[in-house]
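In what follows, a single structure is set out as structure tokens and then discussed.
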Amino acid sequence: MSSERFDFAIAIGGAAGQGIATPGNVLARIFIRRGLHLNAYNAYQSIIRGGHIFLTMRICDQPVHNHGDKLDLLVCLNQDTMDRHLCLMGSGTRVIYNSDTITPGTPEDGVHLCPLPINELTDNNRNKLVQNTVALGTILYMLDVDFQILEDIITMQFQRKGQEVVDENVGVARAGYDYAAAHFEPFAQSLPSGGKPQAVWTGNDALAMGGAAAGVKFYCAYPMSPSTGVLHWMAQNARELGIMVRQVEDEIGVANMAIGAAHVGCRSMCATSGGGFALMTEAVGSAAMMEIPVVFIDVQRAGPSTGVPTKTEQGDLWQILGASQGDFERFIVAPTDALDAFHTVPELFNLVDRFQCPGIVISDLLISEGTFSVDPDAIDMQPGIDRGELITESNNGASDIPTGSQLANGHGLIGAPSNGYLRYENTESGISPRALPGVEGHAHVVATDEHDEDGVLVSDEFTNPHKRRKMVEKRARKFRNIAESIEPPALLGSSAEDAEITLIGWGSTHGVIREAVETLNREGVAVNHLPIKWIVPLHADAIREVFDNAKKTVIVENNHSGQFHRYLRSETGLSADGHIRKYDGEPFMPHHIVDGVRELLAGTTDIYVPYQEVIV
Amino acid sequence: MSVETLPREEVEAKPVAPLKAKDFKGKVDPDWCPGCGDFGVLSSLQRACVNLGLRPHEILTISGIGCSSNFPGFFNSYGMHTLHGRALAVATGAQMANHELTVFVTGGDGDGYGIGGNHFTHTARRNVDLTYIVMDNQIYGLTTGQVSPTSSIDMRTKSTPFGSVEAPINPITAAIMNGATFVARAFSGDARHLTGLIEQAVQHRGFALIDVFSPCVTFNKDNDYPFFKQRVKKLEDEGHDPGDWKAACEKAMIWGDEIYTGLFFQKKGAPTLGDQEPVLDEGGAIARRELGITVEQSDRIIKRMM
């Protein structure tokens with residue numbers, strides 16, 4: 001804890017099934033209602049009962065962009081947590097544990113061990129979850145929070161289960177609070193209050209809400225960690241918002257079903273993780289070929305293959321870049337945090353509607369499953385909607401019935417509709433007005449086979465090379481100057497002239513790099529930061545300008561092989577001077593970047609791989 | 001928008017002339033081999049659409065990949081020629097998003113029972129309101145003659161030069177077991193019978209399968225027109241009760257000197273997927289609704305987050 005600002009981190013560790021989520025949620029509500037900012041990361045295993053869970057909640061009086069470097073309070077729900085994590089605690093910190101079941105280790109000097117005799121405090125209550133509520137009382141005493149606030153939240157949390165359960169929980173929380181008052185020293189800084197109340201969400205909530213705001217009416221998915229939260233939000237809110245939500249037999253079905261709904265006019269979206277996205281890839285290309293706008297979300301987890309299902313990584317970039325055979329147009333975007341993800345989805349829907357192609361959002365476990373505070377006024381659920389060139393009404397009494405002369409022409413008949421409507425008209429922009437099925441006078445076939453302007457398959461006659469070339473070029477023309485449709489990346493931190501190092505990150509590393517840059521600048525090391533969000537289109541010129549003016553460039557990414565670095569080189573020929581990479585399943589902490597910058601400046605290495613201290 | 005629109009009333013005021021089968025002719029003529037069974041399916045579907053009073057823009061015909069999956073290009077309606085095996089998944093999305101369309105899915109045995117088998121199972125159990133016409137020729141034609149999921153044991157093909165050792169799938173019993181509510185079989189050599197079955201299938205609310213013997217004259221010399229002509233017997237002529245699933249399965253298991261065609265099984269009144277989707281209770285097709293959410297809905301969502 002620094003003295004000038006409130007910056008405090010609590011960790012709660014235990015086994016799956018020990019009920020970490022409930023105290024986590026109670027604390028989160030208390031913090032955000034007081035106007036504090038929250039960034040929480042839950043490290044967990046792919047197991048429903050047992051395993052080890054370690055929830056880190058960082059609370060600040062200013063916006064907070066990562067889960068931080070250090071802990072102030074450790075809550076041990078089992079011996080394992082004590083054994084694994086006591087070593088993380090430094091002078092002035094507190095460790096709360098059930099002294100009936102947990103033997104404390106040997107802490108560093110200045111660590112306050114705070115044993116709670118749970119059986120005595122709870123009158124030998126046999127409910128194993130009761131220790132969590134006692135701990136909550138103790139935590140809030142230590143943060144100088146009035147007990148009434150905890151009582152109100154517990155009442156809200158348990159009122160569905162009846163007054164008896166409420167009374168029991170309030171009683172044991174009170175016991176923990178009073179016991180702490182009698183035996184433990186509170187923290188020097190009390191929990192601030194009076195800030196503007198915040199809202200709380202996960203990145204998956206934000207992605208789903210972005211979809212709802214964009215007007216998604218069809219969402220389908222196959223459950224896969226860490227993307228399932230999007231499905232859960234959609235399912236929970238579907239009826240109220242008029243969104244159709246389907247759980248499908250596999251991700252191949254998901255992608256194709258989303259395309260079917262999109263073709264008839266819905267804004268349609270689906271989310272998965274890397275393995276599921278692999279199954280979707282053929283459909284991605286089919287949406288591009290049929291020119292159907294649809295949004296796919298890949299929430300990355302550590303690969304390859306089934307990989308580490310509950311751990312984070314930025315390892316799917318090349319899979320996404322290479323998803324589906326052939327050359328085709330699509331957008332690829334990697335939002336930098338939950339709020340950015342929320343804003344990105346409607347923006348992407350407008351783009352895919354205008355350019356009639358698929359769009360892919362790259363998230364990861366860190367963003368999607370993290371829990372964050374958000375300013376409620378920043379959640380604008382009425383974004384502008386641009387559906388592009390869409391024909392939804394019949395016009396001029398057009399008919400779908402071919403005339404006698406059209407029929408007499410046989411092969412090569414241009415446009416059965418009497419108005420000569422061509423779904424894939426070879427326009428100057430490459431964008432052809434899209435008629436929705438059901439509109440009279442515009443009947444046409446869309447095809448995954450190459451087709452002519454009227455939708456007729458090129459291979460149905462003979463494979464006409466000139467028609468093929470025309471249609472490839474028509475689709476490609478849609479993306480001529482496409483970078484103009486999105487914001488270029490902007491340099492943050494020290495000015496280009498001063499910076500000794502320019503850090504380049506993409507997607508979810510934004511929050512941790514941002515803090516590392518602030519720390520380094522404060523310590524007199526001039527560093528700046530170029531966060532990349534749009535992968536396709538890539539603002540190559542803007543990036544080249546930064547590289548041209550940088551003294552030393554370092555790419556930060558959460559993978560082993562430097563996937564973004566390789567992509568950047570392939571698109572621009574630019575190569576970075578150094579790299580900070582992490583591929584152990586856990587996200588970067590700010591000091592990992594700070595240490596990396598120092599090492600790279602000292603010239604001891606070109607690729608810095610930080611050591612992960614928190615082992616879960 | 002580049003196309004001017006007229007007020008709806010003027011469009012609707014125009015008299016609607018009865019259509020002829022040729023009005024459902026597509027932009028190009030079929031590229032099937034002369035004598036292909038699929039011609040009979042195409043003409044039967046065109047005739048059924050005339051008899052049902054459907055118009056091209058009210059229909060969405062969706063296929064996968066294969067000879068028979070070229071179907072939408074030869075038929076005048078909205079069409080989607082999608083990926084191999086995925087037609088039913090695409091069709092489910094399209095039908096649920098705009099249930100006002102009449103949805104046909106057309107394809108072959110490899111497309112539907114092989115690579116698309118998973119979607120076949122789940123579309124049947126969901127009872128999606130569409131008509132699935134499988135042109136079953138018991139061979140892979142477009143890849144020039146390999147064994148298919150419905151090829152008979154011992155059948156010699158390019159990929160089974162010494163005879164297939166795998167038992168074929170029975171599409172009729174499979175569909176019934178998976179929960180399909182309308183299961184029929186036809187022979188493309190009997191267009192009148194097939195036309196009638198298609199009309200019934202469209203009028204049926206729910207997932208309707210018509211497995212059509214549609215001989216491949218080029219690559220399947222075992223199951224040709226004479227093979228079926230000698231064997232097919234109509235269930236209707238035997239007083240079969242389509243409400244009796246056990247009798248339907250018994251008839252469907254018969255494969256020898258006699259092979260049954262007709263309506264094996266129908267469960268009337270079963271709710272379709274759309275019937276059970278509360279989002280469709282009112283407001284018409286979701287594809288045609290206004291986008292976005294209201295300020296009140298937004299406020300409720302954000303309040304729950306605080």
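Nothing in this text is a laboratory measurement; each read-out follows from the coordinates by a stated rule. The model shown is predicted, which means the values in this text are computed figures rather than measured ones. Ideal geometry is used to build each Cβ from the backbone, glycine not excepted, and the neighbour counts take in all protein chains shown.
A compact table of results
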{"item": "Mean Cβ count within 10 Å, highest first, over the residues of peptides B:54-63, A:360-369, A:61-70", "result": "A:360-369, B:54-63, A:61-70"}
{"item": "Over 32 Å between alpha carbons, listed pairs B:233/B:267; A:217/A:470; B:25/B:251; B:20/B:246", "result": "A:217/A:470; B:25/B:251; B:20/B:246"}
{"item": "Projected-area average for the stretch A:448-603 over all orientations - Cα convex hull basis, square nanometres", "result": "11.9"}
{"item": "Hypothetical label at residue A:108: residues of the stretch A:53-80 whose amide nitrogen lies under 14 Å (7 Å Cα-Cβ projection)", "result": "A:69-74"}
{"item": "Lysines whose Cα lies under 30 Å from that of residue A:70, excluding same-chain neighbours fewer than 8 positions away", "result": "A:128, A:196, A:311, A:533, A:552, A:582"}
{"item": "Mean ellipticity per residue at 222 nm, deg cm²/dmol - from DSSP H runs of n ≥ 4 across chain B, formula -39500 (n - 2.57)", "result": "-8000 deg cm²/dmol"}
{"item": "Candidates B:112, B:26, B:189, ranked by Gaussian network fluctuation over chain B, Cα under 10 Å, top entry", "result": "B:26"}
{"item": "Shielding score for A:241-250, defined as the mean number of other chain Cβ atoms within 10 Å", "result": "6"}
{"item": "Residue of B:215, B:30, B:161 that the Gaussian network model of chain B assigns the largest fluctuation, springs spanning Cα pairs under 10 Å", "result": "B:161"}
{"item": "Viscosity 0.890 mPa s, 25 °C: Kirkwood-radius Stokes-Einstein D of the protein assembly as shown over Cα pairs, µm²/s", "result": "81"}
{"item": "Relative packing of peptides A:11-17, A:80-86 - highest average C-beta neighbours within 10 Å first", "result": "A:11-17, A:80-86"}
{"item": "Expected 222 nm ellipticity per residue - DSSP helices of 4 or more, -39500 (n - 2.57), all of chain A, to 500", "result": "-11000 deg cm²/dmol"}
{"item": "Dipole in debye (nearest 20) - the stretch B:19-277, about Cα centre, beta carbon charges: Lys, Arg +1; Asp, Glu -1", "result": "320"}
{"item": "Spatially proximal aspartates and glutamates relative to residue A:474 (Cα-Cα < 17 Å; intrachain offsets below 8 disregarded)", "result": "A:291, A:327, A:329, A:353, A:389, A:425, A:428, A:449, A:450, A:452, A:453, A:454"}
{"item": "Computed over the stretch A:1-91: relative contact order in percent, which uses C-alpha pairs under 8 Å that are six or more apart", "result": "39"}
{"item": "FRET efficiency, 1/(1 + (r/R0)^6) with R0 30 Å, evaluated for residue B:275 and residue B:241 via beta carbons", "result": "0.75"}
{"item": "Computed over the stretch A:454-515, Kirkwood Rh from alpha-carbon pairs, angstrom", "result": "16.4"}
{"item": "For chain B, Kirkwood radius (reciprocal of mean inverse C-alpha pair distance, Å)", "result": "20.5"}
{"item": "Projected label distance in nm at residue B:51 and residue B:177, using a 7 Å step from Cα toward the beta-carbon", "result": "3.2"}
{"item": "Contact order normalised by residue count of chain A, Cα under 8 Å, 6+ apart, percent", "result": "12"}
{"item": "Mean shadow area of the stretch B:230-297, taken as a quarter of the surface of its Cα convex hull (nm²)", "result": "8.0"}
{"item": "Cα gyration tensor shape of the stretch B:132-177, rounded if a/c is under 1.5, else prolate or oblate by comparing a/b with b/c", "result": "oblate"}
{"item": "Approximate spin-label separation residue B:304-residue A:239, in nm, with each point projected 7 Å along Cα-to-Cβ", "result": "1.1"}
{"item": "Qualifying aspartates and glutamates (Cα of each under 18 Å from Cα of residue B:268; at least 8 residues distant if same chain)", "result": "B:129, B:199, B:236, B:241, B:244"}
{"item": "Label point at residue B:158 placed 7 Å out along Cα→Cβ; residues across the stretch B:214-240 whose backbone nitrogen lies under 16 Å", "result": "B:216-221"}
{"item": "Average beta carbon contacts from partner chains per residue of B:64-76, 10 Å cutoff", "result": "3"}
{"item": "Paramagnetic label zone (point 7 Å from Cα along Cα-to-C-beta, residue A:544; backbone N under 11 Å) in the stretch A:452-494", "result": "none"}
{"item": "For A:448-459, mean number of other protein chain Cβ atoms within 10 Å", "result": "3"}
{"item": "Contact order relative to length of chain B, as percent, for alpha carbon pairs under 8 angstrom and 6 or more apart", "result": "17"}
